[in-house]
Amino acid sequence: MGLLSSVMGFFGFGLGTSIGLVAGYYMFIYFQPSDVKDPIVRPLVEQDSSSLSRMMPEIPLWVKNPDYDRIDWLNKFLETMWPYLDKAICKTVKNIAKPIIAEQIPKYKIDAVDFDTLTLGSLPPTFQGMKVYTTDDKELIMEPCMKWAGNPNITVSVKAFGLKATVQVIDLQVFVVPRITLKPLVPTFPCFAKIFVSLMEKPHVDFGLKLFGADTMAIPGLYRFVQETIKDQVANMYLWPKTLEVPIMDPVKAMKKPVGILHVKVLKALKLKKKDLFGASDPYLKLKLTEDKLPSKKTTVKPSNLNPEWNEEFTFVVKDPESQALELVLYDWEKVGKHDKMGMNVVPLKELTPDESKEFTLEVLKNMDPNDTQNEKSRGQLVVELLYKPFKDDEAPKDVEYENAVQKAPDGTPEGGGLLVVMIHQAEDVEGKHHTNPYVRLLFRGEEKRTKHVKKNRDPRWDEEFQFMLEEPPVNDRIHVEVLSASSRIGLLHPKESLGYVDINLSDVVSNKRINAKYHLIDSKNGRVQIELQWRTSS
């Protein structure tokens with residue numbers, strides 16, 4: 001009986017289930033509810049901000065919040081400039097980090113810490129919007145919303161106790177809303193004295209960390225601990241109202257206007273010491289006012305002369321006669337290599353009586369350290385005549401030489417002619433196939449001049465000046481500038497190779513008096529060279 005009831009129950013369940021499914025299907029198809037209403041469709045403009053945020057969580061701030069302005073132009077700018085900003089930022093980070101690392105590693109008995117790889121990747125940060133505040137104070141307040149999901153490759157190697165560990169940072173994400181305040185606003189470039197940075201909310205920081213090639217963030221609990229620690233530490237230091245202050249210039253000095261003109265006449269030098277191995281020195285003098293960012297002014301070179309006479313005049317704009325001083329540095333000109341420093345001295349402007357000319361006979365010192373015993377050695381004397389003329393009754397400055405002004409040619413310049421000055425500043429992204437020890441060769445009217453060599457450097461800096469005295473303006477001439485690399489090893493295999501060249505038309509230099517530009521090198525992939533050209537005349 002038990003078996004029979006079981007069989008009957010099985011068939012009853014199967015039959016009942018089948019009948020139920022068929023009946024339910026027909027009831028769903030043929031019996032529809034009569035009280036169903038059409039859905040209400042509302043336009044987006046009628047939705048509140050919280051509803052919009054739920055529907056579109058990634059909507060930009062300039063859409064969510066009317067206080068934020070749209071700055072797509074900045075994102076386009078960053079996209080175009082990012083390959084260059086990447087190199088510049090990484091280079092700056094290295095320059096800042098190296099002295100800090102060198103100072104700290106002895107405390108922890110570490111041999112060395114080096115950047116094996118440092119690049120921010122190909123993805124630039126994006127700005128979702130920016131809020132700008134208007135105040136009655138002399139300040140500019142901005143709050144940009146920055147999101148950066150980048151693909152950087154930062155590899156740091158640590159050497160200690162004969163072992164080497166490699167740490168790699170990858171897949172970096174940073175979401176931050178800083179408040180940037182530029183104040184006080186001043187009439188001196190860059191027009192603000194300090195930068196204040198605060199965070200308006202805790203930043204979101206996410207990254208991957210590889211140690212010995214293994215992902216350390218996969219360790220249970222470590223990922224959340226590191227992320228929360230970074231958030232808390234950064235927030236404790238910079239969350240508003242706490243700020244990071246970055247000084248750009250002294251606001252007191254930046255607000256100062258020119259108060260006078262310093263006239264300097266370099267007369268002569270006496271009993272200078274011989275610097276060249278064969279023959280006398282080739283002296284020239286550099287002059288500069290302290291606390292002034294303008295380039296130094298230079299006298300002409302007096303070849304093979306230990307008692308040179310210049311009788312050359314210069315003018316400088318004075319902003320603070322109580323704190324500024326005239327710095328004079330004497331050099332021995334060298335045809336090849338770096339010019340040798342022969343000595344220096346300074347004259348504080350507070351030692352001058354306004355509107356009274358005064359002659360100074362200055363000892364040539366090695367440096368301005370009063371405790372340095374080497375300053376007791378005789379290196380010769382400099383004779384200069386100084387005259388400080390203050391402006392009267394808020395008189396507007398006249399005949400003031402600014403950064404872009406061109407000096408006059410020295411006495412003896414041919415009438416109708418002038419002095420062509422070529423300053424080779426630096427090169428970028430130059431690379432040879434066999435070696436990269438760059439130097440620059442100038443060819444002009446059959447005359448050749450060369451800079452010093454810089455070993456193993458793709459971004460060399462020379463800051464060397466060359467002069468050509470001409471009988472007439474070079475309006476139809478060109479100057480050939482070529483970056484070369486010379487092998488540092490003895491041998492005939494690839495002793496020299498060209499890294500690129502450029503031919504510069506000088507007609508623009510004659511008409512504009514001064515050109516400072518970067519030129520793309522021909523026969524080079526990405527190489528550029530920065531050259532400043534000046535055409536100085538006696539008028």
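What are the ³J(HN,Hα) values, in whole Hz, obtained from phi via the Karplus relation 6.51 cos²θ - 1.76 cosθ + 1.60 with θ = phi - 60°, for each residue of segment 438-454 in sequence order, with x given for Gly and Pro?
3J(HN,Hα) across segment 438-454, in whole Hz: x, 8, 10, 10, 9, 10, 8, 6, x, 9, 10, 9, 9, 8, 6, 7, 10.
SER538's amide H: which non-local residues (gap 5+, or another chain) put their own amide H closer than 5 Å, with H modeled 1.01 Å from N in plane and none for Pro or chain starts?
ALA409
With r as the distance between the Cβ atoms of LEU222 and GLU431 and R0 = 45 Å, compute the FRET efficiency 1/(1 + (r/R0)^6) and round to 0.05.
Values: r = 41 Å, r/R0 = 0.92.
Efficiency computed from Cβ-Cβ geometry: 0.65.
If each of ASP459 and LYS358 carries a label point 7 Å out from its Cα toward its Cβ, how far apart are those two points in nm?
That separation, rounded to one decimal, is 4.5 nm.
For ALA112 paired with LEU74, estimate the spin-label separation in nm (one decimal), with each label point 7 Å from Cα along the Cα-to-Cβ line.
It is 4.1 nm.
Show me 243-249, 345-351 ranked by packing, highest mean number of other Cβ atoms within 10 Å first. Don't skip to the answer; put the middle values down first.
Numbers: 243-249: 12.6, 345-351: 16.3.
The packing order, highest mean first, is 345-351, 243-249.
Mean 1/r over all different Cα pairs, inverted: what Kirkwood radius does segment 418-537 give, in Å? All intermediate terms of the calculation are to be shown ahead of the outcome.
Numbers: mean 1/r = 0.0681 Å⁻¹.
It works out to 14.7 Å.
For an R0 of 41 angstrom, estimate the FRET efficiency from the Cβ-Cβ distance between VAL259 and ILE100 and round to the nearest 0.05.
Details: r = 39 Å, r/R0 = 0.96.
Step by step, r from the Cβ atoms, then E = 0.55.
For segment 360-375 and segment 276-355, what is the centre-to-centre distance using only Cα atoms, to the nearest Å?
15
Starting from 0.36 nm per residue, how many nanometres of slack lie between ASP372 and THR92 once their C-alpha separation is accounted for? The partial results should precede the final answer.
Details: separation 280, 0.36 × 280 = 100.80 nm, distance 3.38 nm.
Contour length minus the Cα-Cα distance gives 97.4 nm.
Residue separation times 0.36 nm, minus the C-alpha to C-alpha distance between ASN505 and VAL169: what's the value? Write out the running numbers ahead of the final one.
Values: separation 336, 0.36 × 336 = 120.96 nm, distance 4.78 nm.
Roughly 116.2 nm would be gained on extension.
Return the long-range amide H neighbours of ASP111 (sequence gap of 5 or more, or a different chain), with a cut-off of under 5 Å between placed amide H atoms.
Amide H neighbours of ASP111, under 5 Å, 5+ apart: LYS159, ALA160, PHE161.
Using 0.36 nm times the number of residues separating HIS204 and GLU313, minus their current alpha carbon distance, what extension gain do you get? Walk me through the numbers on the way to the answer.
Details: separation 109, 0.36 × 109 = 39.24 nm, distance 5.99 nm.
My answer for the length gained is 33.2 nm.
Every number here is computed from the coordinates shown, using simple stated rules; none is lab data. Computed from a prediction, not measured in an experiment: that's the story for all the values here. We place every Cβ from the backbone using ideal geometry, glycine too, and count neighbours over all the protein chains shown.
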